[in-house]
Amino acid sequence: MTETALLLMLVALPFVGAAIAGVLPTQARLAAARLAGVVALSSLALVWAAYPTVSENEVLRTEFEWIATLGLSFKLRMDGFAWLFAGLVYGIGSLVVVYARYYMAEEDPVPRFFAFLLAFMGAMTGLVLSGNLIQIAFFWELTSLFSFLLIGYWHHTPAARDGARMALTVTATGGLCLLAGMLLLGQMAGSYDLDTVLAAGPQIRSHALYLPALVLILLGALTKSAQFPFHFWLPHAMAAPTPVSAYLHSATLVKAGVFLMARLWPVLAGTDAWFWLVGTAGLVTLVLGAYVAIFQNDLKGLLAYSTISHLGLITLLLGLNSDLAMVAAIFHVMNHATFKASLFMAAGIIDHETGTRDIRRLSGLNRTMPFTGRLALVAAAAMAGVPLLNGFISKEMFFEEALTAQAPLPAMLAALPLLAMVASAFSVAYSLRFIHGTFFGPDPVDLPRKPHEPAAWMRFPVEILVLACIMVGVLPAATIGPYLDIAARSVLGSEMPYYSLAVWHGFNLPLVMSLIALAAGTGLYLGLQNRLRNGPDGPPVIRRFEGRRIFERAMVTLSWRLARSGERVLGTRRLQPQLRSILLLALVAGGGAALARGVGPGNLAPQGVDPVIALVWLVGAACAVGAAWQAKYHRLAALILVGGVGLVVCVTFVWFSAPDLALTQLLVEIVTTVLLLLGLRWLPKRFEGVRGEAAEVVSLARRLRDLGLAVGAGLGMSGLAYLVMTRTPPDLLARHFLERAYTEGGGTNVVNVILVDFRGFDTLGEIVVLGAVALTVYALLRRFRPAPDSVEVPEQQRVQAAFDAAHPARHEGATVDDWLLVPSVVTRLLFPLIAVVAVYLLLRGHNMPGGGFAAGITASIAIILQYMIGGAQWTENQLRVLPLRWIGTGLLLAGLTGLAAWAFGRPFLTSYYAYADIPVIGRVPMSSALAFDIGVFALVVGAVVLMLIALAHQSVRGQRVEDARAARTAASEAL
């Protein structure tokens with residue numbers, strides 16, 4: 001398997017699995033679990049397939065050009081460090097899938113759970129394998145999004161919703177800071193390519209933008225890894241299912257921050273700013289998290305704060321600016337993943353089999369759950385740093401670095417070892433509480449369920465992880481040594497410092513510190529045991545400054561007070577004031593730029609005005625003025641006059657030899673006019689707040705104000721057009737496209753080649769926006785529809801009778817549809833004809849006026865005609881146009897067309913063209929841009945039809961409501 005295929009499969013396979021799991025029925029619990037297991041194990045096998053390469057200190061790379069002009073590309077790279085994290089993602093992920101198969105309840109929608117889990121797995125893999133700074137930021141935000149879905153999986157519970165919202169708010173805000181920092185980092189390095197950035201360390205550290213970039217990047221990393229003062233979101237994420245907690249908080253989500261800091265360590269570390277920012281945050285988090293963990297009564301809450309503390313330990317090691325500290329940090333990342341995942345799973349087993357996680361209600365479970373108790377005991381001992389377990393070795397390395405750290409201030413040299421030992425004692429105390437409070441003591445009483453051992457396969461992942469803790473603790477050099485070496489070497493380079501993974505290093509000071517911490521932690525727990533048994537969550541001092549309260553107050557201040565104040569000043573429920581603000585801002589911005597740059601005469605002499613086009617423009621101006629005047633009295637007339645303005649614009653495009661624009665303008669005018677007609681009746685009434693002369697004065701003032709803005713905007717655009725057309729740029733932009741349209745895009749219609757090739761990425765973004773607008777319109781109209789029909793049958797019959805009386809039929813049994821027989825038949829016959837015209841425009845668009853957008857609008861007109869005759873029900877039932885599928889298919893086809901260019905080593909959305917010899921027809925030009933145009937066509941049809949259906953249903957329901965009201969009025973008058 002090639003490097004490209006291996007790396008692409010590593011990232012794509014989880015997303016493909018997530019898409020498949022997402023469409024499985026809710027009852028397919030076993031199929032979803034098996035699918036997730038196959039995907040995770042297959043991906044883990046792919047990671048191991050890359051080991052021979054990365055073990056030789058080589059880097060696997062593959063790259064696809066994305067936006068070459070901006071220096072952006074989709075690049076995947078796997079060195080030893082990325083290989084290690086990818087192994088953790090898929091190794092721990094495989095065990096979590098097995099565990100979740102038995103943990104999730106029968107009523108849970110398990111396929112959706114595994115879809116979210118696989119998607120998160122793919123996002124995390126994309127993050128660790130990214131070779132581009134912007135790509136890292138993209139996958140970074142994807143991990144925040146999918147973790148939000150996983151944490152809020154049980155969305156029917158308020159705790160899950162609040163925890164997911166808090167996690168997303170904090171981590172996504174940090175992600176925005178990270179993106180800004182990455183942009184600065186790329187500017188300093190001269191490239192966004194990760195290899196180039198990693199090689200530009202001295203250049204970046206000496207740059208004037210180093211400190212702003214460092215602060216922004218660390219904001220992203222510290223928020224993701226729940227470091228002080230952003231640590232408060234992680235305990236509230238415990239509302240997620242335990243498999244999610246075990247996965248996100250041991251090997252993936254919270255490790256993303258320390259991964260990023262280690263990834264950029266060769267570039268950003270080595271300065272006093274790095275030491276103070278990273279080291280201080282890590283030290284405070286290490287001690288604070290360990291202290292608060294002791295007082296947690298929820299098993300998962302205790303593990304959450306212990307995770308915060310251990311992440312602080314890793315962050316502190318990264319902040320010490322030492323090569324050996326980097327090795328110790330990577331080592332502890334691996335150790336923490338094993339014992340923390342096993343402890344979370346053990347806590348989930350306890351909750352699953354007893355119905356509670358409250359330590360105050362649990363005791364003596366060692367008699368009913370002996371195997372689970374022994375597994376949890378070993379994992380907790382590893383977390384506490386007991387000898388002959390993996391946590392002990394990395395803790396000794398941490399003590400060694402704390403003793404030999406080079407701190408900028410002498411006081412730090414004495415405080416750092418002491419605080420490290422205090423935090424270690426705290427970890428011993430909360431580890432003892434986890435084990436002793438749960439598995440020892442008297443038998444529990446009044447538990448929701450009778451405790452018993454779980455299914456063997458549910459305990460199997462815990463057994464594997466505990467076995468790893470023991471094996472690494474007893475034989476570290478043989479088991480974990482090679483993998484630690486390749487990971488550390490890929491970060492530090494060939495000049496690796498000497499370190500030893502031996503279990504016994506003699507009776508030295510780090511060993512003495514470990515023994516003191518073990519004894520002090522045991523004594524601390526024994527002294528606090530009675531208080532912990534009956535005490536509330538958290539120490540009183542910490543509860544006063546609980547992070548959630550601060551977060552909620554900040555959210556209230558931002559989203560309520562400041563937002564409300566801004567809404568009162570700038571907000572309005574009416575469209576006109578918003579449009580006025582936008583136009584006024586555009587005028588100020590355009591005028592300010594023109595004054596700042598200076599506006600002078602152009603180098604081209606103005607030409608005379610042609611009387612014909614002048615007359616056409618006068619007609620357009622008269623229509624515009626008439627529309628503005630009629631808007632006060634008759635909106636239908638105003639809409640017709642606005643259509644006249646659109647036709648004048650269409651004629652103008654034809655006059656200036658822009659047939660593509662003219663065709664699109666004409667088609668858009670037709671569609672928008674019909675859609676506006678459908679929604680015209682639901683517009684709010686005109687100004688009713690003042691009556692009489694005062695109303696006339698207010699109305700006149702408003703109209704004069706609007707006239708002034710309109711004249712200003714029109715003059716501004718006219719002036720801009722005049723300045724552009726009276727100047728010849730040194731390098732005419734059009735010449736670039738004219739010369740390359742056929743040779744590089746394979747088309748003679750330059751406008752279409754620009755849309756689907758040269759600026760295809762812009763077009764892709766525009767159709768995404770169009771689809772989003774259609775969905776928004778549909779959602780809003782569903783939200784604000786008239787009340788459902790609640791008319792009784794007799795009243796409905798009266799309405800029908802009244803209608804029949806007003807519209808007598810010519811013969812018995814005739815219906816209203818009989819009056820529209822001839823238009824209906826003509827419209828039915830027009831449908832295939834217009835469809836053929838749409839296909840014609842679609843196929844000719846690359847060389848002549850047309851294209852996917854024009855074809856889509858044409859096909860939409862055909863559907864609109866069917867609706868105007870047959871109504872919404874006939875259009876939906878007979879044509880069976882499913883707009884959501886059309887929108888999705890269009891987006892998928894357009895995106896896949898862009899990705900197909902990568903298969904040939906070309907930038908994203910690069911077109912390929914050739915000539916095909918077709919029998920009878922002959923030699924026909926073919927271009928891959930046609931597939932992109934078909935995607936645009938499908939999305940336009942779907943978007944227009946979705947908005948049409950929304951407006952049609954609105955009108956139908958509204959008419960029913962009005963008919964019902966009329967019937968009630970008639971009935972009351974008759975009575």
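The values are calculated or read from the model by the stated rules, or taken from the named source; none is laboratory data. This is a predicted model, so every value here is computed, not measured. A quick note on method: Cβ atoms are made from the backbone with ideal geometry, for glycine too, and the neighbour counts reach across all protein chains shown.
Cβ-Cβ distances below 9 Å connect the following pairs, each with a first residue in segment 911-924 that is exposed (fewer than 10 other Cβ atoms within 10 Å of the Cβ), a second residue that is of a type in the set (Asp, Glu) and at pLDDT 75 or above, and a separation of six or more residues or different chains: Arg923/Asp917. Of the residues making up segment 626-644, those that are over 21 Å from Val674 (Cβ atoms) and more than 45 Å from the chain's Cα centre (by Cα) are Trp629, Tyr633.
When Ala628, Ala624, Ala662 are checked against the criterion of being of a type in the set (Gly, Ala, Ser), touching a Cys at 6+ places or on another chain (Cβ under 6 Å) and surrounded by 14 or more Cβ atoms within 10 Å (Cβ to Cβ), a single residue qualifies: Ala662. Ser42 fulfils the conditions (1) in contact with a helix residue (DSSP H, G or I) (Cβ under 6 Å, 6 or more places away or on another chain); (2) under 30 Å from Thr897 (Cα atoms); (3) of a type in the set (Ser, Thr, Tyr) except for a single criterion, (1). Taken as a whole, the condition of being among the basic types (Lys, Arg) and not in a helix (DSSP H, G or I) applies to Arg61. Of the residues in segment 397-410, at least one is under 22 Å from Leu324 (Cβ atoms), surrounded by 17 or more Cβ atoms within 10 Å (Cβ to Cβ) and of a type in the set (Phe, Trp, Tyr).
Out of Ala290, Ala262, Ala256, Ala281, one residue alone is over 18 Å from His336 (Cα atoms) and not in a loop (DSSP other than H, G, I, E, B). It is Ala281.
Yes or no, residue by residue, for (1) farther than 24 Å from Tyr722 by Cβ; (2) in contact with a Gly (Cβ under 9 Å, 6 or more places away or on another chain):
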{"residue": "Ala596", "(1), (2)": "no, no"}
{"residue": "Gln607", "(1), (2)": "no, no"}
{"residue": "Ile613", "(1), (2)": "no, no"}
{"residue": "Cys623", "(1), (2)": "no, yes"}
{"residue": "Ala627", "(1), (2)": "yes, yes"}
{"residue": "Leu641", "(1), (2)": "yes, yes"}
{"residue": "Val645", "(1), (2)": "no, yes"}
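There is no residue in segment 373-394 that is among the β-branched types (Val, Ile, Thr) and closer than 16 Å to Ser309 by Cα. Answer yes if at least one residue in segment 697-718 is touching a helix residue (DSSP H, G or I) at 6+ places or on another chain (Cβ under 9 Å), modelled with pLDDT under 80 and closer than 27 Å to Val941 by Cβ, and no otherwise. No, the conditions are met nowhere in segment 697-718. So is Gly301 on the phi > 0 side of the Ramachandran plot and surrounded by fewer than 24 Cβ atoms within 10 Å (Cβ to Cβ) or not? No; evaluated as a whole, the condition is false for this residue.
If a residue must be farther than 17 Å from Gly935 by Cβ and either in contact with a Ser or Thr (Cβ under 6 Å, 6 or more places away or on another chain) or assigned to a loop (DSSP other than H, G, I, E, B) (or both), how many such residues does segment 748-784 contain? The qualifying residues number 3. Flag: Leu820 does not match the condition of being modelled with pLDDT of 80 or more, surrounded by fewer than 16 Cβ atoms within 10 Å (Cβ to Cβ) and over 20 Å from Asn749 (Cα atoms). Scoring Gly270 on the criteria (1) assigned to a helix (DSSP H, G or I); (2) more than 19 Å from Phe146 (Cα to Cα); (3) in contact with a Lys or Arg (Cβ under 7 Å, 6 or more places away or on another chain) leaves a single failure, condition (1). For segment 7-32, a tally of residues being under 25 Å from the mean Cα position of the chain (by Cα), in a helix (DSSP H, G or I) and not aromatic (Phe, Trp, Tyr) returns 17. Does at least one position in segment 604-623 carry a residue that is assigned to a helix (DSSP H, G or I) and either among the basic types (Lys, Arg) or at pLDDT below 85 (or both)? Within segment 604-623, not a single residue is assigned to a helix (DSSP H, G or I) and either among the basic types (Lys, Arg) or at pLDDT below 85 (or both). The set of residues in segment 1-21 being modelled with pLDDT under 90 and in contact with a helix residue (DSSP H, G or I) (Cβ under 9 Å, 6 or more places away or on another chain) consists of Met1, Glu3. Among the criteria (1) within 18 Å of Leu8 (Cα to Cα); (2) assigned to a helix (DSSP H, G or I); (3) of a type in the set (Gly, Ala, Ser), the one Gly93 does not fulfil is (1). Checked against the criterion of being crowded, with 22+ Cβ neighbours inside 10 Å and farther than 30 Å from Ser342 by Cβ, the candidates Leu70, Leu60, Leu88, Leu76 yield just one match: Leu76. Could you tell me whether segment 487-502 includes any residue that is of a type in the set (Phe, Trp, Tyr) and at pLDDT below 90? Checking segment 487-502: at least one residue is of a type in the set (Phe, Trp, Tyr) and at pLDDT below 90. Residues of segment 879-910 that are in contact with a helix residue (DSSP H, G or I) (Cβ under 6 Å, 6 or more places away or on another chain), part of a loop (DSSP other than H, G, I, E, B) and either of a type in the set (Val, Ile, Thr) or surrounded by fewer than 15 Cβ atoms within 10 Å (Cβ to Cβ) (or both): Val881, Thr910.
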